[in-house]
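Undergrad: To start, I am sharing the structure in question, which I have written as structure tokens.
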Amino acid sequence: MSLQAELVRLGARFFIKRSTRPEVSIAERRRRLHAYERWIPQSPAAIETLKRVLGGVPAIRVVPPEARPGHHILYLHGGGYVAGSPALYRHLTWRFAAATGASLTAIDYRLAPEHPFPAALDDAVAAWRALLAEGADPRHSAIIGDSAGGGLTLALALRLRDQAEPLPAALVALSPWTDLAITGASCRLNAAADPMLNADDLVPLAARYLAGADPRNPYASPLYGDPRGLPPTLLQVGSDEILRDDAVRMAERMREAGCEVTLEIWPRMPHVWHGFAPVLPEARQAIARIGAFLRRWTAAP
């Protein structure tokens, strides 16, 4: 583990974990994130960045010089279903696009509590359909999501399969939240060790998103779905995250169902450490592995 990673862990514990306690309101969280956007590095000049509306959903598209025709990524951001935006990921999404050799579209899906389940999923479905209508080839396309967006990625795949719609060639879920019933042992065992997330925050966040819906509904918690027929999937998670077991158990279910799934547990990496790519070598290494995984599975003729 690098010195930079140790410093990131210390900074995350002091600046991020303290600001996401349950008593911090959703409005305050959004205000802080919006203020933080101005500190997010811009993408390199060679990366084309476009504001779009995809299936009625606001979005930001990034196109690296190495993007191949027909190769696309749909990106679903994290934020506990109550916060977050594509702008917060502009330093990261271009890296995924460049590593994969694809265009990437990150959508600004509707957030709870104003728009509870299944609004985020409905927006993701609409955006995927619109991406295909624009000419994206599902055999050369993928869906990536982090945290809540990682769970949303898997839920989207379940819904597309159930509706007999075209599936992407591959899925990538980073530190995914797959169980809104909060039954994973790591939610308790890693509560103190996790440098970024508060275990006590999960229940109220889930309640705001679910708004009374069953937390074991597979479209909210893909851990409880039948994953048979889902595309090849890469799951990356930190070893001491409270959401570690959400990834571990999802991988186990997918293996039991005969899916092609790769689980990577990165020692002592914080939640979605990829977001620290400008300073963290482990983040850049993880992104390179994602690029290699997606290039492999989206290369079908």
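The values are calculated or read from the model by the stated rules, or taken from the named source; none is laboratory data. This is a predicted model, so every value here is computed, not measured. Note that each Cβ is placed from the backbone with ideal geometry, even for glycine, and that neighbours are counted across all protein chains shown. Remember, those area values only see protein heavy atoms, side chains included, never the ligands or the DNA or RNA. Shrake-Rupley method; radii C 1.70, N 1.55, O 1.52, S 1.80 Å.
Undergrad: Within 18 Å of ASP240 (Cα to Cα) and either among the hydroxyl-bearing types (Ser, Thr, Tyr) or open to solvent by 40 Å² or more (accessible area, probe 1.4 Å) (or both) - does that describe any residue in the stretch 155-174?
TA: no
Undergrad: Residue by residue through the stretch 64-79, note down the ones that are in contact with a helix residue (DSSP H, G or I) (Cβ under 7 Å, 6 or more places away or on another chain) and open to solvent by 10 Å² or more (accessible area, probe 1.4 Å).
TA: Those that are in contact with a helix residue (DSSP H, G or I) (Cβ under 7 Å, 6 or more places away or on another chain) and open to solvent by 10 Å² or more (accessible area, probe 1.4 Å): GLU66, ALA67, GLY70, HIS71, HIS72, GLY79.
Undergrad: Another question, if that's okay. Please find, among LEU174, LEU132, the residue that is farther than 15 Å from LEU234 by Cβ and not polar (S, T, N, Q).
TA: Step by step, each of LEU174, LEU132 is checked, and only LEU132 is farther than 15 Å from LEU234 by Cβ and not polar (S, T, N, Q).
Undergrad: Sticking with this one: What's the total number of residues in the stretch 262-301 that are among the β-branched types (Val, Ile, Thr) and open to solvent by 20 Å² or more (accessible area, probe 1.4 Å)?
TA: Result for the stretch 262-301: 3.
Undergrad: Identify, please: which residue in the stretch 91-109 is open to solvent by 10 Å² or more (accessible area, probe 1.4 Å) and either free of Cβ contacts under 8 Å to residues at least 24 places away in the same chain or touching a Ser or Thr at 6+ places or on another chain (Cβ under 6 Å) (or both) and is, among those, farthest from LEU210 (Cα to Cα)?
TA: TRP94
Undergrad: Pick from the stretch 204-240 the residues that are part of a helix (DSSP H, G or I), among the aliphatic types (A, V, I, L, M) and touching a residue at least 24 places away in the same chain (Cβ under 8 Å): which of them is nearest to LEU263 (Cα to Cα)?
TA: LEU223
Undergrad: Consider ALA173 against the criteria (1) over 14 Å from HIS77 (Cβ atoms); (2) touching a residue at least 40 places away in the same chain (Cβ under 8 Å); (3) within 18 Å of the chain's Cα centre (by Cα): it satisfies all of them except one. Which criterion is unmet?
TA: (1)
Undergrad: Does LEU131 qualify as being touching a Ser or Thr at 6+ places or on another chain (Cβ under 9 Å), open to solvent by less than 30 Å² (accessible area, probe 1.4 Å) and not in a helix (DSSP H, G or I)?
TA: Taking the combined requirement at face value, the residue does not satisfy it.
Undergrad: I would also like to ask the following. Scan the stretch 138-153 for residues that are farther than 24 Å from ILE242 by Cβ and open to solvent by 10 Å² or more (accessible area, probe 1.4 Å) and report the count.
TA: Qualifying residue count for the region: 3.
Undergrad: Can you pull out every residue in the stretch 33-57 that is out of contact with any strand residue (DSSP E or B) (no Cβ under 7 Å at 6 or more places or on another chain), over 18 Å from HIS274 (Cβ atoms) and surrounded by 14 or more Cβ atoms within 10 Å (Cβ to Cβ)?
TA: Within the stretch 33-57, GLY55 is the sole residue that qualifies.
Undergrad: Which of (1) part of a loop (DSSP other than H, G, I, E, B); (2) modelled with pLDDT under 95 is the odd one out, the single condition SER19 does not satisfy?
TA: The single condition SER19 does not satisfy is (1).
Undergrad: Sticking with this structure for a sec: Given the condition farther than 26 Å from ARG90 by Cα and in contact with an Asp or Glu (Cβ under 9 Å, 6 or more places away or on another chain), answer yes or no: does some residue in the stretch 145-154 qualify?
TA: No: zero hits.
Undergrad: Do we find a residue being over 30 Å from VAL8 (Cβ atoms), in contact with a strand residue (DSSP E or B) (Cβ under 8 Å, 6 or more places away or on another chain) and not polar (S, T, N, Q) anywhere in the stretch 165-172?
TA: Scanning the stretch 165-172 turns up at least one residue that is over 30 Å from VAL8 (Cβ atoms), in contact with a strand residue (DSSP E or B) (Cβ under 8 Å, 6 or more places away or on another chain) and not polar (S, T, N, Q).
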